Amino acid sequence: MAENPVLVLENIQHAYHRTLAVQGVSLSVRPGEVLAVTGPSGCGKSTLLHVAAGLIRPQSGTAYLFGQSLAATSDDDRARLRRSRLSLVLQFGQLVPELNGLDNVALPLLLEGHDPKEARKLASGWLERCGATELAEAEPAEMSGGQAQRVAVARALITGPQLILADEPTGSLDSSGGRQLLDLMLTEAHKAGAALVVVTHDNTVAARADREIHLLDGVIVSEAVLA
């Protein structure tokens, strides 16, 4: 029997100031699947990811995470999901500016009540795996875009999530650094049986996915199985 999807979007529509960003998009993602979402700038990719993460309530349509309608959950419940079963990597890292690199990575565990010493020990290990050991004491304002992305990926992986949503997670890295970070994300997702949804402009990143959907003007115009 096929496993239930971890993410389902049904007829999602959302507009900004009467400009439609997403128009009637439906999709599902199953456990262990890697989905690439591609398309030109402004086509609705990031909006769709934010809807999936519960950061945006769509104006119509329904988003389900792990079988639960996000419309029926509170802000606190959605935040709790993002600290435990779901991890989100935003395009520019979106680190907490008041915290250094180590505490940014440890934050999801600290918020869930883990022992601070153990949380920071785990965070140090994830910084090392993401090639960001030297950023443990650095504040986000002192980091380059690529460095912030490394820290953000470490923060996303530390909880062992069942679903990872990543918006251009390697966009500020050179090709070698980006490939290494993507390799780590794919390896960890595979080990955990987690799903990974990656928004990307990079064809080499999209080629690593199991499936690709291409957006244009907020609509899915093509879908391809890649593996």
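Table for the structure above
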read-out	value
Scan of region 124-135 for residues that are under 21 Å from T170 (Cβ atoms) and touching a residue at least 12 places away in the same chain (Cβ under 8 Å), ordered by number	W126, L127, R129, C130, G131, A132, L135
Single match in V34, V89 (criterion: of a type in the set (V, I, T), out of contact with any Phe, Trp or Tyr (no Cβ under 8 Å at 6 or more places or on another chain) and under 24 Å from M143 (Cβ atoms))	V89
Residue in region 214-223 that is without any contact (Cβ under 8 Å) to a residue 24 or more places away in the chain and either assigned to a helix (DSSP H, G or I) or not aliphatic (A, V, I, L, M) (or both) present	yes
Residue in region 167-181 that is more than 17 Å from the chain's Cα centre (by Cα), assigned to a loop (DSSP other than H, G, I, E, B) and over 23 Å from L48 (Cβ atoms) present	yes
Among the residues listed as L81, L107, the single one being modelled with pLDDT under 90, in a helix (DSSP H, G or I) and closer than 26 Å to L70 by Cβ	L81
Criterion (within 30 Å of K45 (Cβ to Cβ) and in contact with a Pro (Cβ under 9 Å, 6 or more places away or on another chain)) met by exactly one of A132, A141	A141
Selection within region 9-24 - surrounded by fewer than 19 Cβ atoms within 10 Å (Cβ to Cβ) and hydrophobic (A, V, I, L, M, F, W, C)	A15, L20
Residue that is nearest to the chain's Cα centre (by Cα) [pool: residues in region 58-78 that are closer than 19 Å to L27 by Cβ, in contact (Cβ under 8 Å) with a residue 12 or more places away in the chain and not in a loop (DSSP other than H, G, I, E, B)]	L65
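The values are calculated or read from the model by the stated rules, or taken from the named source; none is laboratory data. Everything numeric in this text was worked out from a predicted model, so none of it was measured. When we count neighbours, we look across all protein chains shown, and the Cβ atoms used for this are built from the backbone with ideal geometry, even at glycine.
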